[in-house]
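Heads up, the thing below is written out as structure tokens.
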Amino acid sequence: MADLFDGYPAGVSWDEAFSASDETRRSYEPVLNALRPLGTEELRPRVDALARTFMKQGVTFAYDGQERPFPVDIVPRVLDAAEWDLIDRGVQQRVRTLEAFLADVYGPGNAIRDGVVPREVIATSRHYHRETYGIEPPNGVRIQVSGIDLVRDVDGRFRVLEDNVRVPSGVSYVIENRHALTQVLPEAFGTSRVRPVAGYANQLLAALRAAAPAGVADPTIVVLTPGVHNAAYFEHALLARLMGVELVEGRDLICAGNRVFVPTTSGDRPVHVIYRRIDDEFIDPVQFRPDSMLGCPGLVNAARAGHVVIANALGNGVADDKLIYTYVPDLVRYYLAEEPLLPNVDTYRLGDPDVLDDVLGRLDQLVLKPVDGSGGKGLVIGPQADEPTLTELRTKIIADPRAWIAQPVVPMSTVPTFVDDGFRPRHVDLRPFAVNDGDQVWVLPGGLTRVALGDGALVVNSSRGGGSKDTWVLAARDQPADSGGRDVPLAVSDEPPPAEPSRPQDPGPALESAASQQQQ
């Protein structure tokens, strides 16, 4: 039987499974030992079973106008305990820094006064919202959930690619990937001590309860979704079910007297914490887009009055701005008096005329990103772009240099991925998810590994045709390992479950653009 790894090419990128001398890395030995005896005839049905499982569970993603099963590869991405320890500590440090930055930006502005970040950079950020100035979270947390995107460079060093602290998505795939892979590759899972991911919903629920307004001992929590047409609706529904809380749309909520209620068959129930999965611009038509039908009028005033907490906080997007990203290493030093554990990818600020001239002279060698982009939208990889694309890009950059950053092409690390009848290297990134309850920043041991499925492709976003892998973090001796169990809904109290919402009459279709809004 031919080895499915025969002809696996060595590349210039760091490969997660094989060393430069083509030796199997120790962390990958159980996985590759389980895969090698399998021929294509045995492996192909397992690959097909993964897709069927996701389709049956409703784990789909809208791509190119069609719903399809979210692609998950049969080879997991494996990180040993030492590698994960660095990621864990680095993500915690990053989240604490961004928390301090947001509190400062919407408060005293010390970093601006001390010259760490120019005032103009913040004032010109599209996601800096003066409408939210002065809203103080009861427990000081603005980033209950974050997704910090990492890549591994050619030297094997993890670097931060971008920060996502508005409405980061993708954690449902972490949970579902684990469940699916334990079913189709049990021999590898059984011989690896993998840390569990089933605790995420518990941690999120605890953080949302801790965020409740002062004096509310048993808060009512809801998950606010744009609706079934949103690309991440499956995730919204899954998290609501696992936490045992209501999944609501804006039309299910009522604001009166600066308080928020959800109508039920037993009367209007006060809402204390809203885990929102709607972008700022659509959440309150009084304060933001007046044509939005996805949110609820009055939410911002209710939050300002202290009667409801919106998580993540409105206005967090200023910390996602990719120009702000270039200042985060300095902000780590400023707020925490520490050196960054996870460096940024080298990045050029185009507001400097000399830097701008240099970048314009070699657009075909760099990656250009819009500072307010998400989901890979607007990204241009110079070496893979044609001349008309670069010409159009040049015009856009000259017209508004503030709107762009430039980075060298990072040959992201690769992981063996099943393609056709064998395994080939495919580029990956990693999105660890962190939950902040005000006392600690907890990092989910695993995260979402996204994979660019095309040969040589570097864009991993699902909205651009990317897929995913289960991420296995190997447990240290004193850490528990995953038994292969599945998340179950949490019991949030001993009280009977709340009555179902009494949905008002449908006021009309949601905004088309918002219903298909990009996921971070």
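Just a few scattered comments:
- Placing +1 on the Cβ of every Lys and Arg and -1 on the Cβ of every Asp and Glu, with no other charges, gives the chain a dipole of roughly 720 debye about its Cα centre.
- Other residues lying with their Cβ under 10 Å from the Cβ of A207 contribute a combined charge of -1, Lys and Arg counting +1, Asp and Glu -1.
- For the stretch 348-402, the C-alpha radius of gyration divided by 2.2 N^0.38 Å, with N the number of residues, is 1.04.
- If you take the Cα centroid of the stretch 297-351 and the Cα centroid of the stretch 70-129, the two points sit 6 Å apart.
- Virtual spin-label span in nm between D439 and D364, 7 Å along Cα→Cβ: 5.9 nm
- Modelled FRET efficiency - R0 41 Å, V419 with A337, Cβ distances, 0.05 increments: 0.30
- Cross-link check: pairs K396/K469; K322/K396; K56/K322 evaluated at a Cα-Cα cut-off of 27 Å; pairs beyond the cut-off: K396/K469; K56/K322.
- Alpha-carbon centroid distance for the pair the stretch 2-41 / the stretch 437-452, whole angstrom: 27 Å
- The stretch 192-289 - Rg (one decimal) and Dmax (whole number), Cα, Å: 14.9, 55
- Label point distance in nm, R36-E120, each placed 7 Å from Cα along Cα→Cβ: 6.0 nm
- Under Karplus coefficients 6.51, -1.76 and 1.60, residue-wise ³J(HN,Hα) of the stretch 4-10 in Hz, glycine/proline x: 5, 9, 4, x, 5, x, 7
- Estimated FRET transfer efficiency (V355, D85; beta-carbon r; R0 41 Å; 0.05): 0.70
- Each eigenvalue of the Cα gyration tensor of the chain, multiplied by 5 and square-rooted, gives one semi-axis; in descending order these are 36, 30, 22 Å.
- A256/T347 FRET efficiency (R0 60 Å; Cβ-Cβ; nearest 0.05): 0.80
- One chain, two ends: D268 and S483. Fully extended at 0.36 nm per residue, the span grows by 73.2 nm beyond their Cα-Cα distance.
- The chain: DSSP helices with Cα axial extent of at least 24 Å and average Kyte-Doolittle hydropathy no lower than -0.5: 81-105
- For the chain, relative contact order (Cα pairs under 8 Å, six or more residues apart, normalised by length) works out to 25 percent.
- Scanning the chain for GluC sites (Glu not before Pro) that sit in a DSSP loop and have at most 12 other Cβ atoms within 10 Å, the longest stretch containing none of them is 24-337.
- The distance linking the stretch 357-410 with the stretch 131-186 is 25 Å (Cα centroid to Cα centroid, whole angstrom).
- Normalised contact order of the stretch 280-319, rounded percent, pairs of Cα under 8 Å and 6 or more residues apart: 29 percent
- When the charge dipole of the chain is built from unit charges on Cβ atoms (+1 for Lys and Arg, -1 for Asp and Glu) and taken about the Cα centre, the candidate among V12, N461, G438 whose Cα reaches farthest toward its positive end is G438.
- Seen from every direction in turn and averaged, the convex hull around the alpha carbons of the stretch 110-165 projects onto 6.1 nm².
No value in this document is a laboratory result; all are computed from the given coordinates. The shown structure was predicted, so the numbers you read here are calculated from the model rather than taken from an experiment. Reconstructed Cβ throughout: ideal geometry from the backbone, glycine too, with neighbour counts over all protein chains shown.
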